[in-house]
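Each reported figure results from applying straightforward, stated rules to the coordinates on display, with no laboratory input. Given the structure is predicted, the values throughout are model-derived calculations rather than measurements. Here the Cβ positions follow ideal geometry from the backbone for every residue, glycine too, while neighbour counts run over all protein chains shown.
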């Protein structure tokens with residue numbers, strides 16, 4: 001009887017109830033907005049991780065400047081860059097006490113204007129290039145000539161390398177950094193290791209460590225050991241460049257997944273870790289501009305590319321640009337068409353996971 005009374009009461013008041021359609025639509029819109037906001041924050045955190053891994057800006061954020069930088073990021077400072085951006089990253093075996101004399105790895109990071117995803121372009125250390133004031137030499141010698149004798153100046157080494165890379169590629173370098181092995185070791189340990197997937201076994205000529213083929217998580221010491229390997233690899237420095245791309249992509253993904261640089265406490269910890277050994281440089285593009293651009297990346301999963309070269313020349317193992325593919329590759333880079341170039345040359349795309 002009670003159930004019949006309740007049914008009758010509901011029936012009498014059903015006409016007074018408001019339609020559920022608009023309410024449901026409003027709830028769906030609110031849920032969709034919240035999902036989009038979470039995705040933007042996630043993408044922004046991963047992009048900030050990319051920026052930090054590349055060494056741009058992290059040492060500039062010190063405890064007494066965090067609030068000021070947060071305010072700057074929240075307030076528009078003019079239109080954000082809309083063109084393609086290029087970052088030059090040099091890996092060197094040095095530290096604050098023993099400045100680097102040679103750049104072992106030269107990596108150009110290209111972010112296209114459509115902000116689709118970053119491209120990691122390895123420039124071979126043995127590539128024959130014209131170095132202002134020093135004739136023709138290997139690309140990594142530009143750092144040596146710029147740093148000078150006696151106590152090397154990494155800033156001078158970076159600047160001369162930047163000039164050579166600009167002349168070689170025809171693109172402007174917007175910012176860059178010199179990352180030493182001690183920095184990479186501490187960064188790797190701070191994010192609790194980096195996963196790399198090697199296509200073949202690698203045996204260290206320095207420590208006798210064996211890196212098996214396949215995926216493995218490396219701590220800081222093991223990562224540096226792998227990145228130093230060149231001798232004994234089938235293609236020498238070119239294989240080391242591919243390992244560098246695998247490591248950089250893994251470090252970016254690991255930092256992005258952990259949200260390392262969206263957490264102020266972790267951010268300050270990273271700042272303290274790298275500040276002593278990390279050098280950064282910017283050319284017309286500010287930290288604020290970069291931070292405002294990178295969260296627009298649709299993906300932080302990078303594409304690995306190698307500068308097309310021909311076979312080694314002579315006993316000096318100098319490499320020359322591939323006469324057929326290098327001009328088309330450089331044109332695609334200058335015209336921001338790397339996605340199309342990679343699609344047409346899948347054999348030139350390197351694994352990054």
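Below is a table of values for the structure above.
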read-out	value
Using a Förster distance of 22 Å, the FRET efficiency for residue 257-residue 209 (Cβ separation, nearest 0.05)	0.25
Theoretical gain in end-to-end length, residue 344 to residue 322 [0.36 nm per residue, Cα-Cα removed]	6.3 nm
Segment residue 298-residue 221, length gained on full extension (0.36 nm per residue, minus Cα span)	24.5 nm
309, 210, 194 arranged by Cβ crowding within 10 Å, fewest neighbours leading	210, 309, 194
More than 19 Å apart - percent of Cα-Cα pairs taken over the stretch 96-172	37 percent
Cα-derived Rg to Rh of the stretch 109-236, Kirkwood definition	1.00
Net lengthening on full extension, residue 337/residue 128 (0.36 nm per residue, minus Cα-Cα)	72.7 nm
Sorted by Cβ density within 10 Å, fewest first, the residues 317, 341	317, 341
Order of 110, 345 - criterion: other Cβ atoms within 10 Å of each residue's Cβ, fewest first	345, 110
Stokes-Einstein diffusion coefficient of the stretch 298-353, Kirkwood radius over Cα pairs, 4 °C, 1.567 mPa s, in µm²/s	103 µm²/s
Label-to-label distance, nm, for residues given as residue 192 and residue 353 (7 Å Cα→Cβ offset)	1.9 nm
Å³ per residue enclosed by the Cα convex hull of the stretch 171-213	157 Å³
